[in-house]
1. Among the residues of the range 314-345, which ones are among the basic types (Lys, Arg), within 21 Å of the chain's Cα centre (by Cα) and modelled with pLDDT of 95 or more?
2. Any residue at all in the range 48-67 that's surrounded by fewer than 19 Cβ atoms within 10 Å (Cβ to Cβ), closer than 20 Å to residue 230 by Cβ, out of contact with any Cys (no Cβ under 8 Å at 6 or more places or on another chain) and among the charged types (D, E, K, R)?
3. Only one residue in 199, 254 is within 30 Å of residue 141 (Cα to Cα) and among the small types (Gly, Ala, Ser), so which one is that?
4. Hey, among 150, 132, 156, which residue is in contact (Cβ under 8 Å) with a residue 60 or more places away in the chain, assigned to a helix (DSSP H, G or I) and assigned by TED's automatic domain parsing to the domain that holds residue 318?
5. In this structure, is residue 143 polar (S, T, N, Q) and either under 20 Å from the mean Cα position of the chain (by Cα) or within 22 Å of residue 80 (Cβ to Cβ) (or both)?
6. Can you pull out the residues in the range 10-33 that are exposed (fewer than 15 other Cβ atoms within 10 Å of the Cβ) and either aliphatic (A, V, I, L, M) or closer than 20 Å to residue 111 by Cβ (or both)?
7. Among the candidates 265, 280, 291, single out the residue that is aliphatic (A, V, I, L, M), crowded, with 21+ Cβ neighbours inside 10 Å and assigned to a loop (DSSP other than H, G, I, E, B).
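The values are calculated or read from the model by the stated rules, or taken from the named source; none is laboratory data. Keep in mind that this is a model prediction, so the values were computed, not measured. Reconstructed Cβ throughout: ideal geometry from the backbone, glycine too, with neighbour counts over all protein chains shown.
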Amino acid sequence: MAKVHATFEAELLATCLSYYDLGIIKAIRHFPAGSRRAPKVIIQAEKGTFLFKRRAPGHDLQTKVAFTHQLQLHLAAQNFPLPHLVGTRNTNNSMLVLDEHIYEMFEFIKGKGYDSSLDATFNSGRILGLYHKLLNGFKSNYSPPPGSYHDAPAIHQAIGKTVSSLPIDSRPPGEELPTTVKQIEEMYAFCSRKVKEIGLPNWPHQIVHGDWHPGNMLFRDRHVVAVIDYDAARVQQRVIDFANGALQFSILGGGDDPMTWPDYVDITRFKRFMLGYDSVNVITKHEMQCVPHLMCEAMIAEGVLPIAATGSFGRIKGYPFLKMITRKINWIQENATALSSVLDD
């Protein structure tokens, strides 16, 4: 069955738009992207092109939305690439609250997806370095969540649930599944312990992005023209953010069968991402030593959470995906020294 995206009722949309000064509206079209529960439209108006959306249930806590808007307004004032929020007509409020729903208006930015080029990879790392630099010392009355994929109780619990979550007819015979899960559990604990030994707990915390991956940015001419999601922003050590970014921009997949995916990451893209970050925000040697271990933690977290909940990773069966994770984390660990030394050349 096709997934249906939420849409606006015409009367409600007209009421909402009356709160904004867009000039004459020329066209409105449904924009079926992102969460299916968050209706969105593109508005072509006299004063420009805009994206209007209603926050999805569960993502509409006013204090948290206000915090993400604070971040975006702070970054926009320093020319960081993002879609600017459009304030309401009379009060210039960055959110519109009607009948317990939250609505947002953004300028619409045209761009393309990540093309895997080295230039786009370098610029993705550079923009994350700039994000951290501009938000270092940022203060807010709102206390964002501190958790991450690193040594998280929820990840430990999810690993323990993966065996029982897989449908019986999709489990391999014998002890293959428990053995694979035990390997993942041991590697997650090992990597968590290694970064603590290197010194992670003693490093300063700041606002980080929390979800730096290609799908959260738009490109033109292989430059990032917009970072478009701030809901996962939290307080952490910055290395937790750029280690996950390095994974997202260097990991290699394939088709629907993860058993055919390569073990290795794209080292050239990995290096370009790290060079991009380092070009505006210098990375320490100890941070680089943590990166391979944090990459393994991030990969495990991203895989086991959906598998523990549903028995699969999207359309992919759970067990082959878990086997793929073990191959990749083993490769990263075997090549940890090389990966942590890419900035030494």
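1. Within the range 314-345, 328 is the sole residue that qualifies.
2. Checked against the condition, which is being surrounded by fewer than 19 Cβ atoms within 10 Å (Cβ to Cβ), closer than 20 Å to residue 230 by Cβ, out of contact with any Cys (no Cβ under 8 Å at 6 or more places or on another chain) and among the charged types (D, E, K, R), the range 48-67 yields at least one hit.
3. 199
4. 132
5. Here the answer is yes, as residue 143 does meet what is asked.
6. 10, 14, 24, 27, 29, 30, 32, 33
7. 265
Each row is one residue, and each column tells you yes or no for (1) of a type in the set (A, V, I, L, M); (2) more than 30 Å from residue 14 (Cα to Cα).
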{"residue": "70", "(1), (2)": "no, no"}
{"residue": "76", "(1), (2)": "yes, no"}
{"residue": "80", "(1), (2)": "no, yes"}
{"residue": "104", "(1), (2)": "no, no"}
{"residue": "111", "(1), (2)": "no, no"}
{"residue": "119", "(1), (2)": "no, yes"}
{"residue": "129", "(1), (2)": "no, yes"}
{"residue": "146", "(1), (2)": "no, yes"}
{"residue": "150", "(1), (2)": "no, yes"}
